[in-house]
1. Which trypsin sites (Lys or Arg not before Pro) in the stretch 38-127 sit in a loop by DSSP (not H, G, I, E or B) and have at most 16 other Cβ atoms within 10 Å of their own Cβ?
2. Treating the beta-carbon of each Lys and Arg as +1 and of each Asp and Glu as -1, no other charges, what is the dipole magnitude of the stretch 79-128 about its Cα centre, to the nearest 20 debye?
3. Give me Rg over Rh for the stretch 10-143, both radii from the alpha carbons and Rh done the Kirkwood way, two decimal places.
Amino acid sequence: MKPVIGKATPAAAAVLKQATALYPKRKKTSDGLLPSKAHQLQNPNSDHNTGLAVDLTHDPENGVDCAIIFEKLKEDQRINYIIFKSKIWSRARRKEGNRKFTGNNPHNKHLHISIDSAYANDTSPWFWWLNQPKLINQVLAKIQPAPAKKITTVSKCTCCEVHRVAP
């Protein structure tokens with residue numbers, strides 16, 4: 001299990017802040033930096049544990065089209081791997097192109113970005129191909145709090161007497 005740190009790396013936090021500065025009205029429902037307890041149990045080796053991963057909500061209606069971002073970020077040296085819509089691309093296996101991602105979460109609602117540890121403190125523009133955000137949006141994005149950890153509940157099985165849990 002990768003150890004869980006208490007704070008996301010500057011590079012990971014910069015992804016969300018820069019996206020918000022560019023698109024202040026974007027949805028943030030699937031944004032994520034640090035893992036919840038449920039995520040840690042489901043995926044103990046997640047890069048979220050080390051602060052080197054970020055989830056960016058797919059919201060093309062408000063400017064954040066993760067399909068485009070997925071393709072563009074392949075050019076960024078900070079990327080270790082990226083996952084979106086059941087596709088994974090990694091720097092280590094870049095010659096293979098996009099591969100089928102077979103993990104539990106197909107990442108349909110967000111783009112998962114894993115950052116190479118050598119670039120943990122690099123906050124240079126993540127969306128370099130877009131226009132730079134207005135100064136006021138940059139300031140507002142910097143003062144917004146980090147997204148809360150997602151709380152996942154596990155439903156109890158009620159299919160038969162064998163699995164029932166006594167109250």
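The numbers here are math on the coordinates, done by the rules we state, and not lab data. Not measured: the values here are computed from a predicted model. In this analysis, Cβ positions are derived from the backbone assuming ideal geometry, glycine residues included, and neighbour counts consider all displayed protein chains.
1. Numbers: sites: LYS72, LYS74, ARG78, LYS85, LYS87, ARG91, ARG93, ARG94, LYS95, ARG99, LYS100, LYS109; in loops: LYS74, ARG78, LYS85, ARG91, ARG93, LYS109.
Here the sparse-neighbourhood loop sites are LYS74, LYS85, ARG91, ARG93, LYS109.
2. Values: 9 positive and 3 negative charges, 73 e Å.
For this selection, approximately 360 debye.
3. Values: Rg = 14.2 Å, Rh = 15.0 Å.
With Rh from the inverse mean 1/r over Cα pairs, Rg/Rh is 0.94.
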